[in-house]
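Visitor: Okay, here's the structure, questions in a sec.
The values are calculated or read from the model by the stated rules, or taken from the named source; none is laboratory data. Since this is a predicted model, take the numbers as computed values, not measurements. Don't worry about glycine lacking a Cβ; one is built from the backbone with ideal geometry, like all the others, and counts go over all protein chains shown. Areas reflect the complete protein model, heavy atoms only, side chains present, ligands, DNA and RNA absent. Shrake-Rupley method; radii C 1.70, N 1.55, O 1.52, S 1.80 Å.
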Amino acid sequence: MSSPAGFQPVHRESTSSLITRALREGIMNGRLPAGAQLSEAGLAAEFGVSRGPLREAMQRLVQEGLVRSELNRGLFVKELDEEEIRDLYLTRTAIETAAARTVAHSSGAVAASQRLRERAAAMAEAAASGDLKALADADFAFHEELVSLAGSPRLHRVHETLMVETRMCMTALQGTYFDPEDQVAEHSRIAEAVASGDDAALQREIEEHMQEALDRLVRAGR
């Protein structure tokens, strides 16, 4: 039976949503590099779909800020310049600080802090083995866990796009990873600041970590 508003039950994820996710992952891991033009015909053939759901998916990525549209030229994967990278880290700092405060003062703070410690330990293991890809993955997992633990769908949704953009920056540097031991230590300090429930400490640790990450990216990109 149809609903009063006329909607029909949804039994599975739409084709356009699946394509959006695939394109987003392609942008994130560099298969669709910054500046690349997105060929509607080529992608439709590759996915084996009509152009309708593909256009819908690409417009969604335009709305997310991962793809830009140029009049009479088409759609291109967005390129992040230094100003945009600085803005990216400014926004990440605000989002992750808000998430960390929420987690630190929640009823599940003790368990959440342990999960963050485990994420930092995974980073330490990857750093000790010299596996830079595993280190980068563990780094991203730490930040995704931090925001997820806050339990805010809106924070999570915004942060998801920011992390795709961050991956784009890291992928552009192909294999470059600076001071693995420092990276591990920075994340461990964030986990401990969350455990302490000290707002000033967690804000300081997140801001310092983000500034260090930003400085490394800017230096490497010059």
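Visitor: For residues that are within 19 Å of residue 45 (Cβ to Cβ), part of a loop (DSSP other than H, G, I, E, B) and not hydrophobic (A, V, I, L, M, F, W, C), tally how many sit in segment 19-34.
Guide: Adding up the residues that qualify gives 1.
Visitor: Please enumerate the residues belonging to segment 53-72 that are without any contact (Cβ under 8 Å) to a residue 24 or more places away in the chain and either of a type in the set (Gly, Ala, Ser) or touching a His at 6+ places or on another chain (Cβ under 8 Å) (or both). Write out each step before concluding.
Guide: If we filter segment 53-72 for residues that are without any contact (Cβ under 8 Å) to a residue 24 or more places away in the chain, which is where we start, we get 55, 59, 62-63, 68-72.
Passing the criteria: only 69.
Visitor: Follow-up. Let me spell it out: the conditions are (1) closer than 17 Å to residue 98 by Cβ; (2) at pLDDT below 95; (3) over 19 Å from the mean Cα position of the chain (by Cα), and residue 200 meets all of them except one. Which number is the exception?
Guide: (2)
Visitor: Inspect segment 145-168 for any residue being at pLDDT below 90, under 20 Å from the mean Cα position of the chain (by Cα) and on the phi > 0 side of the Ramachandran plot and give the result as yes or no.
Guide: no
Visitor: Only residues in segment 33-49 that are farther than 19 Å from residue 18 by Cβ count as the first member; pair them with residues that are of a type in the set (Asp, Glu) and open to solvent by 60 Å² or more (accessible area, probe 1.4 Å), Cβ under 7 angstrom, at least 6 apart or cross-chain, and list the lot.
Guide: Within 7 Å, the pairs are 34/79; 35/79.
Visitor: Shifting gears a bit: Go through segment 25-41 and count every residue that is open to solvent by 40 Å² or more (accessible area, probe 1.4 Å) and either of a type outside the set (S, T, N, Q) or out of contact with any Phe, Trp or Tyr (no Cβ under 6 Å at 6 or more places or on another chain) (or both).
Guide: Qualifying residue count, segment 25-41: 9.
Visitor: Looking at (1) closer than 19 Å to residue 17 by Cα; (2) β-branched (Val, Ile, Thr); (3) open to solvent by less than 30 Å² (accessible area, probe 1.4 Å), which one does residue 85 not meet, given that it meets all the others?
Guide: Residue 85 satisfies all of (1) closer than 19 Å to residue 17 by Cα; (2) β-branched (Val, Ile, Thr); (3) open to solvent by less than 30 Å² (accessible area, probe 1.4 Å) except (1).
Visitor: Need at least 1 residues that are in contact with a Gly (Cβ under 9 Å, 6 or more places away or on another chain), of a type in the set (Asp, Glu) and surrounded by 17 or more Cβ atoms within 10 Å (Cβ to Cβ) per element, so show me which helices (runs of 4 or more DSSP H) inside segment 113-218 make the cut, counting only ones lying wholly within it.
Guide: Details: elements: 132-149, 153-172, 180-196.
Filter on segment 113-218 gives 153-172.
Visitor: Would you be able to tell me the number of residues in segment 96-112 that are open to solvent by 80 Å² or more (accessible area, probe 1.4 Å) and either in contact with a helix residue (DSSP H, G or I) (Cβ under 8 Å, 6 or more places away or on another chain) or polar (S, T, N, Q) (or both)? Break it down stepwise before answering.
Guide: Step one: of segment 96-112, the residues open to solvent by 80 Å² or more (accessible area, probe 1.4 Å) are 101, 105, 107, 110.
Subsequent filtering for residues that are either in contact with a helix residue (DSSP H, G or I) (Cβ under 8 Å, 6 or more places away or on another chain) or polar (S, T, N, Q) (or both) retains 101, 107, 110.
Qualifying residue count for the region: 3.
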